[in-house]
Amino acid sequence: LNIIQAFKTQIDKSEFPAKNILEKLLANLYWQYFQQNRYKFYNRTKTLEKVDTEDFRSWDLQTLFNEINLHYKNSLQNQLLLKLEDLKKYDELLIVQDDSKTYRPTLFDFLAHNALEFYKTDENSITKQAYKFELDDEQFLSDATSFSTLEISSKDNSSLQLQALKLYQALIQFHLKDTNPTALVDVDLERLNFIKQKAVINDKESILLETFKKSQNNYIDHEVSGLYAFEIANLLYLQSKAYKPVSNEAPRWKAKDALEICETIMAKFPKSKGAFKCENLRQNILSETLTIKTESYIPIQEFSKILVTYKNIPNLKFKVLNISEKQLERLNTSYSKQEQLAVINKLKLVTDWNQDLKNESDYQQHSTEVKIPKLDNGRYLFYTEYEDDRKTFAFSAV
């Protein structure tokens, strides 16, 4: 309480831009206090007015959020002057990262993005008015230029999402004038992904996909186009995970489409941020997965089957190994690959064989059954690996 009061006293004495920075810090203090004492506020009844105008520790949740909102808004007063303040002048106050000024060139950018951390929070159900603001207009997912001209209003002025939307619009309007589109594209993508996460819009992924494509075309010869391309590829990849053989075939090839987009950007802008993100996505698409599953008991001296579930693996090497109960217990309690392989390497080989798998190049997970040779009575470990690399392997005991 003493610290808060000291801040308020100093704010009253200060002028631009120190006043704006102190307002931002005061808002942060209130916000941090709430995060550390969340349980207290959610157990309180809403009051019509502040119980104590000074002691925030006695306030209800809505009152505290209103106060945080007030001070973030105060930190963004005199926007024209804030936009003229080069953030480099404040390096002594900041933990500076390489190229950070490309994305946050002015004091306005810094303060606005700081406020957005509050406005984007999930703590957005503090009021339940009949006219509660919702992200339900597909125009919110339009491209940056179209979004910058939208009229955004609501009777629900307490909505954090509404404040976030207005602040994104102010940032986009500001950076649309930039000769270098990097800061604009950064905030535009942040805005689109925020709305995607929170919006209640029918078919929002299809709308978002079209916006990403339109935005990419707007900067087709600039490396920032790769950032929109990555978002397209990432969205397709996430959609590809809904693929189910027979019941949902439509998304089957979307991972392949995503891979092609990534490789195009990596070739066109190899040192760009978009290429770096695409490379990480490419590795996910091409990653191998492997599991095997056997019956708890298999018949003696009869052929049986093992279920193999795999992704991006064209062939496997199978081994059948003798294993004791003690060795199996040790294997089941080993959690690192090195520990597991140390146990497996000591087992006696019974038989082995190579097995080709059907690879459709769709980068999807598939399952198949593999025939197991006839075996005598005993305890066995079925072990399989891809390309002898000991990185992708699986095992199952019977």
Residues that are assigned to a helix (DSSP H, G or I) and either open to solvent by 40 Å² or more (accessible area, probe 1.4 Å) or more than 20 Å from Ala258 (Cβ to Cβ) (or both), drawn from the stretch 208-222: Glu210, Lys213, Lys214, Asn217, Asn218
Qualifying residue in the stretch 7-21 (condition: at pLDDT below 85, part of a helix (DSSP H, G or I) and open to solvent by 20 Å² or more (accessible area, probe 1.4 Å)): no
Wholly enclosed helices (runs of 4 or more DSSP H) of the stretch 87-199 bearing at least 2 residues within 30 Å of Leu61 (Cβ to Cβ) and either aromatic (Phe, Trp, Tyr) or more than 20 Å from the chain's Cα centre (by Cα) (or both): 107-119, 160-175
Residue among Asp55, Asp60 that is over 27 Å from Lys213 (Cα atoms) and either open to solvent by 20 Å² or more (accessible area, probe 1.4 Å) or within 26 Å of the chain's Cα centre (by Cα) (or both): Asp55
Index of the failed condition, Ser296 passing every other in (1) more than 30 Å from Leu236 (Cβ to Cβ); (2) assigned to a strand (DSSP E or B); (3) of a type in the set (Gly, Ala, Ser); (4) open to solvent by 50 Å² or more (accessible area, probe 1.4 Å): (2)
Where Pro314 falls short, out of the listed (1) modelled with pLDDT of 95 or more; (2) touching a Leu at 6+ places or on another chain (Cβ under 7 Å): (1)
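Is it the case, given these coordinates, that Leu81 is modelled with pLDDT of 95 or more, touching a helix residue (DSSP H, G or I) at 6+ places or on another chain (Cβ under 8 Å) and either in a helix (DSSP H, G or I) or open to solvent by 60 Å² or more (accessible area, probe 1.4 Å) (or both)?
When the stated conditions are applied, Leu81 does not pass them.
Condition check ((1) over 22 Å from the mean Cα position of the chain (by Cα); (2) over 30 Å from Asp136 (Cβ atoms)) across all residues:
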position	(1), (2)
Leu208	no, no
Phe212	no, no
Asn217	yes, no
Val224	no, no
Val246	yes, yes
Ala250	yes, no
Ile265	no, yes
Gln283	no, yes
Pro299	yes, yes
Qualifying residue in the stretch 319-339 (condition: among the aromatic types (Phe, Trp, Tyr), touching a residue at least 24 places away in the same chain (Cβ under 8 Å), more than 20 Å from Tyr386 (Cβ to Cβ) and open to solvent by 40 Å² or more (accessible area, probe 1.4 Å)): no
Any hit, the stretch 371-379, residues being at negative phi, open to solvent by 30 Å² or more (accessible area, probe 1.4 Å) and within 32 Å of the chain's Cα centre (by Cα): no
Residue match in the stretch 301-317 (condition: open to solvent by 20 Å² or more (accessible area, probe 1.4 Å), free of Cβ contacts under 8 Å to residues at least 60 places away in the same chain and under 22 Å from the mean Cα position of the chain (by Cα)): no
Hits in the stretch 340-363 - residues which are open to solvent by less than 90 Å² (accessible area, probe 1.4 Å) and of a type outside the set (A, V, I, L, M, F, W, C): Gln340, Thr351, Asp352, Gln355, Asn359, Glu360, Ser361, Asp362, Tyr363
Test set (1) out of contact with any Lys or Arg (no Cβ under 6 Å at 6 or more places or on another chain); (2) more than 19 Å from Leu176 (Cβ to Cβ); (3) modelled with pLDDT of 95 or more - Glu92 fails condition number: (3)
Condition met for Lys46 (under 37 Å from the mean Cα position of the chain (by Cα), assigned to a loop (DSSP other than H, G, I, E, B) and either over 22 Å from Ala112 (Cα atoms) or at pLDDT 90 or above (or both)): yes
Positions within the stretch 84-124 being more than 18 Å from Leu22 (Cβ to Cβ), among the hydrophobic types (A, V, I, L, M, F, W, C) and open to solvent by less than 50 Å² (accessible area, probe 1.4 Å), in sequence order: Leu116
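The values are calculated or read from the model by the stated rules, or taken from the named source; none is laboratory data. Computed from a predicted model, the values in this text were never measured in an experiment. Note: ideal-geometry Cβ built from the backbone for every residue, glycine included; neighbour counts use all protein chains shown. Areas reflect the complete protein model, heavy atoms only, side chains present, ligands, DNA and RNA absent. Shrake-Rupley method; radii C 1.70, N 1.55, O 1.52, S 1.80 Å.
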